[in-house]
Structure formats: structure tokens, C-alpha cells
1. Tell me, what is the FRET efficiency for Ala232 and Ser209 to the nearest 0.05, using R0 = 30 angstrom and their Cβ-Cβ distance as r?
2. Summing -39500 (n - 2.57) over the DSSP H runs of n ≥ 4 in the chain and dividing by its residue number, what mean residue ellipticity at 222 nm do you reach, to the nearest 500 deg cm²/dmol?
3. For Val181 and Asp202, FRET efficiency with R0 = 25 Å and r from the beta-carbon atoms, rounded to 0.05?
4. Answer rounded, prolate or oblate for the chain, using the Cα gyration tensor with square roots of eigenvalues a ≥ b ≥ c: rounded when a/c is under 1.5, else prolate when a/b is larger than b/c, else oblate.
5. What number comes out for the charge environment of Pro136, summing +1 per Lys or Arg and -1 per Asp or Glu over other residues with Cβ under 13 Å away?
6. Each residue of the range 159-171 in order: what ³J(HN,Hα) in whole Hz does its phi give by Karplus 6.51 cos²θ - 1.76 cosθ + 1.60, θ = phi - 60°, with x for Gly and Pro?
7. Mind giving me the FRET efficiency for Leu19 and Ser243? R0 is 35 Å, r the Cβ-Cβ distance, nearest 0.05 is fine.
Amino acid sequence: MLLRLVKKSHTTGYFLFFLIVAGAWVHCLLNPFVFHIQESEVNFGLFGLLNRPFSANQELQVSLAFVFLTVNSLLLFRIYREYLFFNTWSLLPAVLFVLLTSGIPGLQSLYPVLIAILFLSLAMDRMFAAFDLRKPYRNMFEAGFLLSLGSLFYFHLLVLLPLFLAGGRVFARDARWREVVLVFTGGVVPWIFLVAVYFLFDKTEELFSMVSLLVTGRGEGFRGSMPVLLLASYLGLLILAGSFKILGQIDEKKASFRKFYAFFFFLFVSAVLAFVFIPAVTIAMYIVAAVPVTFLLSNYFESVKEGYFGEILFLVIIILVVLVRLS
């Protein structure tokens, strides 16, 4: 019943979305706790400027994180409706993204990645809007620019730049070198401004030092309680099931659907590889990986026929997230 309402009912879907968001975050909003962030991340780029006025106010930090998460969830719903399942009112992507990200203890506060994800979503929107267009030069520049702007909040978002460069070559019709160059140019512009500002204030060495720490420093690894491990294991099984479902649908779907989900696959792989091979990357990269997983599981639950099986699978996610929040 719950899954069916989220998928089919416009008004009820929005009501359930806000109810789930509030339920997942009510404990954090009433008892705010600021997650420990590495000093290099706290002071880096635009996040350092944004965080400085709010650093002493835990309630405001948690409230801002709540707003950023809610807005981004609705952006993912827009991408889902605009490019994957046209004109659908299914709130599955928004609900699933909230559930997936609420299962990470300690990140329910103002964290760089929560802001950066907004720019990642906007960059994907610009990239997908360029599909099958000739000379979508503006879209390509904006995609690179928005992604790079997000990296000024969360540096490790830059690991996705090669994926967007490849997207510039794949999504546009009759794409040549210009699309790739425009994505790269858009990605360079925010960093030119950042370096220029640090140079004007004679803090270039400080910037390079922070970037070095964000690449070679040692970030916190994954430390999961039993409920967290259960949730991660269950999601792993659902990801496998969703992947097999996508593979079974490849031949019957449009070219746009296939290319967009290939993009999501490589986004997920990029996030996992960054977590494994870049020492300074923390568990916050999970939120980046949650974006493609959200679309994968949304397609899986959309494909589940009416009945109790899908409802049970969906309900188990909610139960495990509640257990994580209570642990």
C-alpha cells in the first residue's frame, strides 16, 4: 500500500515524502549533533565561507542540511520525471534518496557533500538536456561549470569530471571535440576564480596545502554498527536485483534510457573507486554513490508488479533506516 501510494498518487506521494523526511530527521532536528569534519574540508573553498557564520549554531547547521537534502531529493524527482519516466508523478526517487542518505549515522548536519550534491544534480540535468541535440554548447559548458562549482564545496566531486567529459562526447548528436572542450572549460572557470581570490589575498600556498591534504590525507573509514551493516547488505542485494532488472530491459528501452543509466553506472563506479583509492575520501562519498543507486532502485520498484512483494521490500528499507536512526 505504501509503495503504491508513493508511485501512483500525486498528492499523497508528496504528503508521504515530507512525512518520511520529517520522520527520518526529527531526532536530529530536536537533538542536533555536528559530525566531525576534517579541518581541510571545513576551511576549503566556498564551504569555508558558508560554514563560518553557522559553525557555532548546531541547530541551524542541522536545519540547513535538512533543507539541502529535501531540495536535492526533489531535484532528483525532476530528473526522473523529465528524462527517464516522462510525466510520471512517482515520488520514488525523492523518497528513496532520503531513506538512503538517512542511513548514514553522523551526516545529518551541514556537510560539504550535501551542498555539492545540489550542483551535481543540476549538472546532470544540463547534461541530460543535451541528449540528441546538435551543438548543445551552452548545456555542456553549464554542466561542467555546475559540477566544478560543486567541487568548491566538496573537493572530491572532481572525480566525476572525466565522466562528464565522456558524457559530452556521448549525449550530443554528431558530437565532436567542441562538446568535450566546453565541459572542460566550464569545469576550469570556477577554479580560476578560486585561485585568483586566494592569490589576491596572498593565500595561494594555503589553498595548495588544503588541496594536498584533500588528496593525500587520511579520511575516516567505514565504521558500521549492526543495523548499518544490515542496511548496507540489504541495499547491496537490491542493487544486484535492480542491475539484473535493468539488463533485462535494455533491448526494449529507448536509447536515451540506456545512455542515462550507463551514465549512472559509471557515476557509481567513480564514487566507489574514489573511496577505495583516494586516502582522504571519507564515508561522505556514499551520498554521491546514493544518487545513481536512487535511480536504479526507483526503476526496480517501478518494474515490480502490483502485489505484496514490492511493498515488503520497500517496507524493509524503512524499517532498517529506523533501526539505524535508533541505534
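1. It comes to 0.30.
2. That comes out to -24000 deg cm²/dmol.
3. 0.15
4. It comes out oblate by the Cα gyration axes.
5. So the environment of Pro136 carries a net charge of +3.
6. Those phi angles translate into 4, 8, 4, x, 5, 5, 5, 5, x, x, 7, 9, 7 Hz.
7. 0.70
Every number here is computed from the coordinates shown, using simple stated rules; none is lab data. Since we're looking at a predicted model, the values are computed, not measured. Cβ atoms come from the backbone with ideal geometry, glycine included; neighbour counts cover every protein chain shown.
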